[in-house]
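Report on one structure; see the data block that follows.
The values are calculated or read from the model by the stated rules, or taken from the named source; none is laboratory data. This is a predicted model, so every value here is computed, not measured. No Cβ is skipped: glycine too gets one built from the backbone with ideal geometry, and neighbour counts run over all protein chains shown. When the accessible area is computed, the model is the full protein with side chains, heavy atoms only, and any ligands, DNA or RNA have been set aside. Shrake-Rupley method; radii C 1.70, N 1.55, O 1.52, S 1.80 Å.
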Number of protein chains: 4
Amino acid sequence: MPIRNPVFAPPFNIVRASHVELGVRDLARARAFYVDCLGLLLSDETADALYLRGVEERNHHSLVLRLSRAAEAQALGFKLGSEADLDRAAFWFARANLPTSFPDLPHQGRTLRTADIFGTPLDLCAQMEQSESMLQKYAAHQGARIQRIDHLNCFTPDVQASYDFYSALGFRLTEYTETDGDDAKLWAVWLQRKGNVHDLAFTNGLGPRLHHVGLWTAGVHDIIHICDVMATCGYLANMERGPGRHGISNAFFLYVRDPDGHRVELFTSDYLTVDPDHAPIRWSLTDPRRQTLWGHSAPESWFREGSQFSGVAPREPALAAQPVVAM
Amino acid sequence: MPIRNPVFAPPFNIVRASHVELGVRDLARARAFYVDCLGLLLSDETADALYLRGVEERNHHSLVLRLSRAAEAQALGFKLGSEADLDRAAFWFARANLPTSFPDLPHQGRTLRTADIFGTPLDLCAQMEQSESMLQKYAAHQGARIQRIDHLNCFTPDVQASYDFYSALGFRLTEYTETDGDDAKLWAVWLQRKGNVHDLAFTNGLGPRLHHVGLWTAGVHDIIHICDVMATCGYLANMERGPGRHGISNAFFLYVRDPDGHRVELFTSDYLTVDPDHAPIRWSLTDPRRQTLWGHSAPESWFREGSQFSGVAPREPALAAQPVVAM
Amino acid sequence: MPIRNPVFAPPFNIVRASHVELGVRDLARARAFYVDCLGLLLSDETADALYLRGVEERNHHSLVLRLSRAAEAQALGFKLGSEADLDRAAFWFARANLPTSFPDLPHQGRTLRTADIFGTPLDLCAQMEQSESMLQKYAAHQGARIQRIDHLNCFTPDVQASYDFYSALGFRLTEYTETDGDDAKLWAVWLQRKGNVHDLAFTNGLGPRLHHVGLWTAGVHDIIHICDVMATCGYLANMERGPGRHGISNAFFLYVRDPDGHRVELFTSDYLTVDPDHAPIRWSLTDPRRQTLWGHSAPESWFREGSQFSGVAPREPALAAQPVVAM
Amino acid sequence: MPIRNPVFAPPFNIVRASHVELGVRDLARARAFYVDCLGLLLSDETADALYLRGVEERNHHSLVLRLSRAAEAQALGFKLGSEADLDRAAFWFARANLPTSFPDLPHQGRTLRTADIFGTPLDLCAQMEQSESMLQKYAAHQGARIQRIDHLNCFTPDVQASYDFYSALGFRLTEYTETDGDDAKLWAVWLQRKGNVHDLAFTNGLGPRLHHVGLWTAGVHDIIHICDVMATCGYLANMERGPGRHGISNAFFLYVRDPDGHRVELFTSDYLTVDPDHAPIRWSLTDPRRQTLWGHSAPESWFREGSQFSGVAPREPALAAQPVVAM
């Protein structure tokens, strides 16, 4: 039985997935994609980085694009409940023999850089420089009118181990895919802290690697519009999958690839999960509707490709089952 | 019985309401409103005029804003079926002792300038310089993503007379408001040539004056978005009425006033009227739902204010009945 | 040069594609699909037929489903401008040595049953019994909230011949696909009478066969919703293609197959084409964006399958070029 | 300075506003309104009560309509984090000399019935009977396609006192209205537990009374549709205010009155508030945009009318300032 009881009193309080840093090889090209096309707001621009946020976000940035020789993911960022939680986190990771340091990061409060058991780099902080909310500056809403970061989705070589690790930190399971039969194995898990379907998800595969960054839009229309825009302004090849409706999470989605190959999901319409008696939903690995209600298959790239984390060699997963591809 | 049979073989073929010219006192201010806020495309800009069009329009312009000392409407523009129709129109208006001339207008084919029986200036042409359709250049769609001009709506001092005049030219009645009782009088008429609810409408009032120019949007979302934009970028006072749903025409609407006071309707979701046996819908002047299904009252300005036509003194209407204001 | 000038004065006036009759093998099953799921309104139900219409339609029916031993299309229906046009049509078809009869059809005015040069059965009438418009009975809008019939799309063994035939009857070309090179051949044509992109379209293929019936919805949201409904109430396998955006016509579309295999397109967001100087848009057969802007391929069935017309044997097309399938 | 620091470690964990019980005088009439028109799902129906929920809700009910001689609100319902939280709550309320009892309520786990300092009846429970989620049974989504309960909004005779009381229980302030000047007084507060703008709100006025129950819809389209439905199926007079956009919370809203006069808000599009450094937004009582961005005034009834709580006499507020009504 691979499913655990939720941990309601974790060793420290992670509030949500709040930001991510990606390495890109050409800042102008990245800016054209994320700002001019997708419509993220530019909070700051330096010689080697772009700091971006969605229209409702007051945190200075939810996406940092750093000039890099390789198109790698640098770190997953999470917001903690307080500075005291940050101290508790540092203690917890140190005692778990995981790396801890406090790099000086612009526009963020004190930040713990650490890693999970597979080496996935994590940045934890409780405070970030606050920017103006642009939610009611509607004239500044462009492209997909992205509201905020929603979640981070990763490949892991061992879903059960990743699930166990993050469960202990208070992440709650909302949906999961497992193999059928007596010796069921977890294939994928969706884990939340902020009260919707996920802040963090893991799928079985060569990992750790970042599968995608999920960005929230206000509705279906914004996603349909960005399809029309991308298809007609030179980004057709960047549209990897969708639009469509996931069975899992009920999300209306579009997956796009940025000019460096990092995957972004534009995402809306999941549901509330804060109740203590909210039970996780199980999907069989052989049920094609978990991937898409409407029966469209995902391309091979969607199952195989992801962004490596800087300096972290991914491993092959132990579990070799193949998901049933829709249709 | 004030309603006439449709004229299926008119003396010449008016295809649709296609453009309108408005006098504005400040071109930069007008451009900020129509282009930067509402999102109309700028086809041409000269020292004394702006030529605008919607995203699907290939005609060079559907809205001409001409620098003027007075905020007056200059002319209502209609597209004819052919150059031969234009000749027939010139003959017909001349024989009706209405003025005819062929001014040289930029970007338009041969254009007949004439007037209706109340002096409303009309520009008729069969050809216009063709511009690139921007319908599938989605990145250029901004603001209300206006698709095209839809209709022209005027005050007239005598609705029956205006209806009779345009009916003879083949305009077909789709909806009308009349007073109750044995001696019913027309209060307002909606007349079409292109096959939806209207190209031209008349309401009883001090006239002739232009009540509004109707611009078509692709859906409700575009109108809700422009409400949010206008309310938060300095145009709150320009939002005169709506958003709402008209009983008449079933249109989802927003009425705005431009910086010179000209009224524009953003409009979507009416219906097809091409059938020969399509019967007009009658509304009683005492039925508040014709103005709005949802029960919102229109402000006094909406009933009283309009743009005078240049050089044409409006007259008081003969009919003094008052519409029932919703709620 | 295969493109002809429009015929603005045709021998009789066809107003629009107005109805279609399909043979179905199980009326209850058809009713569950069209009424309970898609949301068409039931105008009448007899022992051997269902008469359906959209929410804005006042014509008694736009879709007739007749109990039949074979899942065949029975006739394409068109509305004429007047009873005199009907007489002119009967004369014209007779002189062209095409069959003419006046069968007695319930709820329709006098109806000419004839055929085009390939035997496609055509029903022409100028009047139909009028039903209540349900456009403002919003509580009755269900499923895809279908507004009205929009168009009919057929396979033909000779696109040029079909185009020539219907052009002579006043159908105007709005978009077309042709092969490249000096000796360009027409591959597909979109032809209109009512002023949007099409009433009737033809694609090269084993024909004559009905490819699909196009039904108009008020917006994108209605099509997304019916995807969710069909996918979760037993009609997943009936979703053949989409949702997506056509390059041709700019339509937002979903293609579904009814329980007898007849194909229906739910369709919205094309554009106005009434201008006399409105030029048709040419697409190369090698341009994948004509089928879909977003790069999704259509399934093989979409290119190959269609409904035979009752009693009409289809022929292989002369033109053997293959369309470039998207992606 | 009336604003307090958030209490991150409250005496017990209230997860969210989860349900409400209203007294209605005619169950059939209430069912027609809530189920047939608004589209709430019927979880259970007894001789004296209806149990309703939204399409994503797994809790058996979020709205209980109980047959009653008076149209009164019976209790505000909140979900707690655990059974242990429920024990802690009982202890806390008892020590505060507030009433505590554990009535036996159908379909709910152990429930503490208590009251706040003004006598507002509160029902607290940690568990509820779980029903099937209908989120992916799209064919069952009707009317406004209501997803879930969102919040409860009340009049209070002393906003500062209500704010102080609920702040101590961990409710966090997200937005507030106060009078201007040196001695600023709180006029209204929006308080959250689940991470969006509010679970509970208070406005200065004759209280305690329930102002409205907020129900969440997936998007703007669902609210526009229910306007059309209500206006055309006999509920026009029940549409009290909107649709519109609040400045406060950025919500797109429609306020309706049920047949007993209880007020319901259909509501969508607010924002995420989980961050520990998320600062509340201050609005001046003299700023009309807090009520509506678009400049529409609310009717007098919206400011004056509310549902009394059963057996609780409301008092006049101490603060007599008048809100500036929009426009």
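Any idea how many residues of the range B:199-253 are within 14 Å of chain A (Cβ to nearest Cβ) and touching a Ser or Thr at 6+ places or on another chain (Cβ under 7 Å)?
Residues meeting the conditions: 5.
Can you say whether D:H107 is touching a Ser or Thr at 6+ places or on another chain (Cβ under 7 Å), within 14 Å of chain A (Cβ to nearest Cβ) and not β-branched (V, I, T), as far as the supplied structure shows? Spell out how you get there, then give the answer.
Numbers: touching a Ser or Thr at 6+ places or on another chain (Cβ under 7 Å): no; within 14 Å of chain A (Cβ to nearest Cβ): yes; not β-branched (V, I, T): yes.
Criteria not met by D:H107.
Quick one: which strands (runs of 3 or more DSSP E) lie wholly within the range A:1-77 and hold at least 1 residues that are farther than 27 Å from A:L169 by Cα and among the charged types (D, E, K, R)?
Numbers: elements: A:14-24, A:41-45, A:49-53, A:63-67.
Because the criterion is at least 1 residues that are farther than 27 Å from A:L169 by Cα and among the charged types (D, E, K, R), the strands (runs of 3 or more DSSP E) in the range A:1-77 that meet it are A:41-45, A:63-67.
Might you let me know whether the range A:31-51 holds any residue that is buried (at least 24 other Cβ atoms within 10 Å of the Cβ) and small (G, A, S)?
no
So that you can scan it fast, the table gives a plain yes or no per residue for (1) away from chain A (no Cβ under 11 Å); (2) within 30 Å of A:V7 (Cα to Cα):
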site: D:P2; (1), (2): yes, no
site: D:V7; (1), (2): yes, yes
site: D:L41; (1), (2): yes, no
site: D:D48; (1), (2): yes, no
site: D:K79; (1), (2): no, yes
site: D:A89; (1), (2): yes, yes
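Checking B:S62 against (1) open to solvent by 10 Å² or more (accessible area, probe 1.4 Å); (2) at pLDDT 95 or above, which test does it fail?
(1)
So A:P259 passes all but one of these: (1) more than 21 Å from C:D228 (Cβ to Cβ); (2) within 14 Å of chain C (Cβ to nearest Cβ); (3) part of a loop (DSSP other than H, G, I, E, B). Which condition number does it fail?
In the conditions (1) more than 21 Å from C:D228 (Cβ to Cβ); (2) within 14 Å of chain C (Cβ to nearest Cβ); (3) part of a loop (DSSP other than H, G, I, E, B), A:P259 misses (2) alone.
Of everything in the range D:262-302 that's assigned to a strand (DSSP E or B) and farther than 18 Å from D:A237 by Cα, which residue is farthest from the other protein chains (Cβ to nearest Cβ)?
As a first pass, look at the range D:262-302 and keep what is assigned to a strand (DSSP E or B): D:263-268, D:281-284.
Right, trim to farther than 18 Å from D:A237 by Cα and you get D:267-268, D:281-284.
Numbers: D:F267: 14, D:T268: 9, D:I281: 8, D:R282: 13, D:W283: 12, D:S284: 15 Å.
That would be D:S284.
Take the residues in the range C:11-30 that are open to solvent by less than 10 Å² (accessible area, probe 1.4 Å), more than 14 Å from chain B (Cβ to nearest Cβ) and not small (G, A, S), then tell me which one is farthest from the chain's Cα centre (by Cα). Walk me through how you get there before you give the answer.
Within the range C:11-30, the subset open to solvent by less than 10 Å² (accessible area, probe 1.4 Å) is C:12, C:14, C:17-20, C:22-24, C:30.
In the following step, the residues that additionally are more than 14 Å from chain B (Cβ to nearest Cβ) were identified as C:20, C:22-24, C:30.
If we keep only those that are not small (G, A, S) too, we end up with C:20, C:22, C:24.
Working: C:V20: 8, C:L22: 12, C:V24: 17 Å.
The selected residue is C:V24.
Any chance you could count how many residues in the range A:180-199 are of a type in the set (A, V, I, L, M), surrounded by fewer than 23 Cβ atoms within 10 Å (Cβ to Cβ) and touching a helix residue (DSSP H, G or I) at 6+ places or on another chain (Cβ under 9 Å)?
Initial filter on the range A:180-199 (of a type in the set (A, V, I, L, M)): A:184, A:186, A:188-189, A:191, A:197.
Adding the requirement that they be surrounded by fewer than 23 Cβ atoms within 10 Å (Cβ to Cβ) leaves A:184.
Keeping just the survivors that are touching a helix residue (DSSP H, G or I) at 6+ places or on another chain (Cβ under 9 Å) gives none.
Residues meeting the conditions: 0.
Of the numbered conditions (1) closer than 29 Å to B:P288 by Cα; (2) surrounded by fewer than 17 Cβ atoms within 10 Å (Cβ to Cβ); (3) not hydroxyl-bearing (S, T, Y), D:R315 satisfies every one except a single condition; which is it?
(1)
Inspect all residues belonging to the range A:139-149 and state whether any of them is within 14 Å of another protein chain (Cβ to nearest Cβ) and free of Cβ contacts under 8 Å to residues at least 24 places away in the same chain. Don't jump to the end; show me each part of the working.
Taking the range A:139-149 first, the residues within 14 Å of another protein chain (Cβ to nearest Cβ) are A:139-149.
So of that shortlist, the ones also free of Cβ contacts under 8 Å to residues at least 24 places away in the same chain come out as A:139.
Among the residues of the range A:139-149, at least one is within 14 Å of another protein chain (Cβ to nearest Cβ) and free of Cβ contacts under 8 Å to residues at least 24 places away in the same chain, which makes the answer yes.
Looking at B:G242, B:G214, B:G261, B:G234, can you tell me which residue is open to solvent by 30 Å² or more (accessible area, probe 1.4 Å) and closer than 30 Å to B:L67 by Cβ?
On the way: B:G242 fails: open to solvent by 30 Å² or more (accessible area, probe 1.4 Å); B:G214 fails: open to solvent by 30 Å² or more (accessible area, probe 1.4 Å); B:G261 fails: open to solvent by 30 Å² or more (accessible area, probe 1.4 Å).
Step by step, each of B:G242, B:G214, B:G261, B:G234 is checked, and only B:G234 is open to solvent by 30 Å² or more (accessible area, probe 1.4 Å) and closer than 30 Å to B:L67 by Cβ.
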